[in-house]
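Below is one structure. I have some questions about it.
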Amino acid sequence: MLDYIKIDEHSRKPKYKQIVDAIIDNISNGNLKVDDKIPSINKFSEEYYLSRDTVEKAYSVLKSRKIITSIRGKGYYITRTKLISKINILFIINKLSSYKLRIHNSFVESMGANSHTDLFIYHCDESLFLNLIDKNIGAYDYYIIMPHFKTDHLKHISITDKITRAINQIPSEKLIIMDNNNNLVNIDADIEVYQDFENDIYNALVEGYDKIKTYKTIFLIYPDKSVYPYPRRILHGFKKFCVNYNMNFEVIDELYEDIILKEGDLFITIEESDLVNLVKGIREYNFELGKNIGVISYNDTPLKELLGITVISTDFKAMGETASQMILNKQKGKIKNKFNFIDRNSL
């Protein structure tokens with residue numbers, strides 16, 4: 001195999017990457033096949049006068065992509081050839097919700113058979129995210145990142161200095177920022193498909209103003225502290241709408257079991273549990289949904305459509321499809337995803 005590998009001392013491409021690309025190229029052209037043994041790390045480093053760390057990093061990348069495997073006491077072997085020609089993608093999301101999965105599933109479906117996507121979840125935790133990036137840097141053709149993190153006080157934050165440095169290890173042509181943009185400082189990504197949380201909710205409420213204005217008070221149930229915190233720009237957009245349109249409003253962090261409901265109240269819910277408790281409370285008061293009490297829910301689901309709940313929501317399917325098409329068509333740019341006011345029977 002060493003006869004096929006060429007290392008260019010003058011190339012600006014890192015040497016570990018040259019090793020990775022050379023092995024993949026030799027698999028593609030048939031020089032290397034499944035079960036072929038490749039040189040040990042020590043043998044490779046001695047042959048090319050490379051540091052052991054350089055070769056070890058290259059082999060680590062190839063192992064993470066399941067192109068090679070190590071057998072204790074025997075060495076390294078080629079284990080995969082079929083996926084070499086495919087586009088390999090690391091899809092990193094902050095939480096395992098139905099909304100995020102809809103983005104992921106539409107992306108994978110739109111990419112088609114000529115791609116392989118690995119899904120990882122970092123639970124809005126900075127340390128988990130940094131570990132994911134460190135372990136997988138250089139192993140994929142594209143990295144899709146949804147940047148939503150939490151502080152020690154369970155507040156939402158989009159980016160930190162450590163996260164910025166970690167993400168900047170990824171070449172801009174391989175980086176796709178999705179869902180959250182917030183004009184991330186010092187992050188250079190060729191593709192962004194994002195929500196504009198503040199202006200999205202503001203414009204959606206403006207679209208529904210003719211019905212909203214018939215209610216006396218608007219309540220936003222915004223979780224102040226959550227394991228998976230929400231962008232405060234949602235809160236800012238809501239307040240801006242209420243102030244500009246002279247609406248009475250109140251922000252509460254959860255729907256209390258003993259909350260007093262009054263005719264003419266309009267509630268905007270974010271979490272599913274608050275929506276369920278609200279509908280139960282409306283029934284207990286013998287109020288009619290959409291007549292005595294209004295309800296708007298943030299983020300659409302098939303169940304909300306079935307129950308006739310009015311929603312303000314981004315188009316999750318479109319977000320995934322847009323990102324995939326930009327990759328396939330080699331497009332660059334920042335695209336704000338569709339955000340809709342969908343009027344149903346609860347308003």
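The values are calculated or read from the model by the stated rules, or taken from the named source; none is laboratory data. Keep in mind it's a predicted model, so treat the numbers as computed, not measured. Neighbour counts run over all protein chains shown; Cβ positions are idealised from the backbone, glycine included. Surface areas here come from the heavy atoms of the whole protein model, side chains and all, with no ligands, DNA or RNA. Shrake-Rupley method; radii C 1.70, N 1.55, O 1.52, S 1.80 Å.
Multiply the residue gap between Asp188 and Asn244 by 0.36 nm, knock off their C-alpha separation, and tell me the result in nm, one decimal place.
16.7 nm
On the accessible surface of the range 242-326, probed at 1.4 Å, how many percent belong to carbon and sulfur atoms?
Looking at the range 242-326 in its full context, I get 47 percent from C and S.
Another one. Hey, could you grab the Kirkwood Rh for the chain? Inverse mean 1/r over distinct alpha carbon pairs, Å, one decimal.
Kirkwood radius, the chain: 22.9 Å.
With a Förster radius of 22 Å, plug the Cβ-Cβ distance of Lys211 and Lys95 into 1/(1 + (r/R0)^6) and report the FRET value to the nearest 0.05.
0.10
Could I ask something else about it? What is the local net charge at Asp253, summed over the other residues whose Cβ is closer than 13 Å to its Cβ (Lys, Arg +1; Asp, Glu -1)?
-2
Separate question: Give me the percent of accessible area attributable to carbon and sulfur for the range 3-112, probe 1.4 angstrom.
After summing per-atom areas, the C and S share lands at 47 percent.
In addition: Would you be so kind as to identify which of Leu132, Asn94, Ala318 lies farthest towards the positive end of the dipole of the chain, taking Lys and Arg as +1 and Asp and Glu as -1 on Cβ and the Cα centre as origin?
Of the options given, the answer is Leu132.
Let me ask something additional. In nm, what is the difference between 0.36 nm times the number of residues separating Asn105 and Lys330 and their Cα-Cα distance?
Between Asn105 and Lys330, full extension yields 78.9 nm more.
Then there is this: So, with +1 on the Cβ of K and R and -1 on the Cβ of D and E, and no other charges, what is the size of the charge dipole of the chain about its Cα centre, to the nearest 20 debye?
Rounded to the nearest 20 debye, it is 1020 debye.
Report the charge-dipole magnitude of the range 39-125 in Debye, nearest 20, computed about the Cα centre from +1 at each Lys and Arg Cβ and -1 at each Asp and Glu Cβ.
280 debye
Pick from Phe197, Phe267, Phe44 the residue whose mean-square fluctuation is largest in a GNM of the chain, springs joining Cα atoms under 10 Å.
Of the options given, Phe44 has the highest mean-square fluctuation.
Got a sec to turn the phi values of the range 330-347 into Karplus ³J(HN,Hα) couplings, 6.51 cos²θ - 1.76 cosθ + 1.60 with θ = phi - 60°, whole Hz, x for Gly and Pro?
The phi angles translate into 6, 8, 10, x, 10, 10, 7, 6, 4, 9, 10, 9, 10, 7, 10, 8, 8, 10 Hz.
Let me ask you something else. Using +1 at the C-beta of Lys and Arg and -1 at the C-beta of Asp and Glu, which of Ser346, Ile68, Asn329 has the Cα lying farthest in the positive direction of the dipole of the chain?
Result: Ile68, furthest along the dipole toward the positive end.
Just subtract the alpha-carbon distance of Lys338 and Glu257 from 0.36 nm times their residue separation and send over the number in nm, one decimal.
Working it through step by step, the gained length comes to 25.7 nm.
On to the next question. Once neighbouring chains are kept in place and the probe is 1.4 Å, which whole percent of the accessible area of the range 115-169 is contributed by carbon and sulfur?
Answer for the range 115-169 is 48 percent, counting heavy atoms of protein chains only.
I would also like to ask the following. Are there trypsin sites (Lys or Arg not before Pro) in the range 289-347 that DSSP marks as loop and that have at most 16 other Cβ atoms within 10 Å, and which are they?
Lys291, Lys330, Lys332, Lys338
Here's another thing I want to ask about it. How charged is the neighbourhood of Val55? Take every other residue with its Cβ under 13 Å from the Cβ of Val55, and add Lys/Arg as +1 and Asp/Glu as -1.
+2
Roll a 1.4 Å probe over the protein chains and send me the accessible area per residue for the chain in Å².
50 Å²
D for the range 200-337, whole µm²/s, Stokes-Einstein with Kirkwood Rh over alpha-carbon pairs at 4 °C and 1.567 mPa s: what number?
79 µm²/s
Mind checking which of Val311, Val243, Val108 has the largest fluctuation in a GNM of the chain, springs on alpha carbons under 10 Å?
Val243
Restricting to bridges with both residues inside the chain, how much of the DSSP beta-bridge set is antiparallel, in percent to the nearest 5?
Here the share of antiparallel DSSP bridges comes out near 25 percent.
Suppose each label sits 7 Å from its Cα in the direction of the beta carbon; what would the Tyr285-Asn31 distance come out to in nanometres?
Placing both labels 7 Å beyond Cα along the Cβ direction yields 7.4 nm.
Among Lys95/Lys213; Lys63/Lys332; Lys211/Lys240; Lys37/Lys174, which pairs are too far apart, with a Cα-Cα distance over 25 Å?
Flagged as over cut-off: Lys95/Lys213; Lys63/Lys332; Lys37/Lys174.
Right, next: Kindly provide the Kirkwood hydrodynamic radius of the range 1-156 in Å, to one decimal, from all pairs of distinct alpha carbon atoms.
Hydrodynamic radius (Kirkwood, Cα pairs) of the range 1-156 is 17.4 Å.
Next up: How much net charge surrounds Asn26 when only the other residues with a Cβ under 13 Å from the Cβ of Asn26 are counted, with Lys and Arg +1 and Asp and Glu -1?
Around Asn26, the charge tally is -2.
Follow-up question, since we're still on this one. Provide, for q = 0.16 Å⁻¹, the log10 of I(q)/I(0) from a solvent-free Debye sum over equal Cα point scatterers in the range 76-146.
Log10 of I(q)/I(0), two decimals: -0.62.
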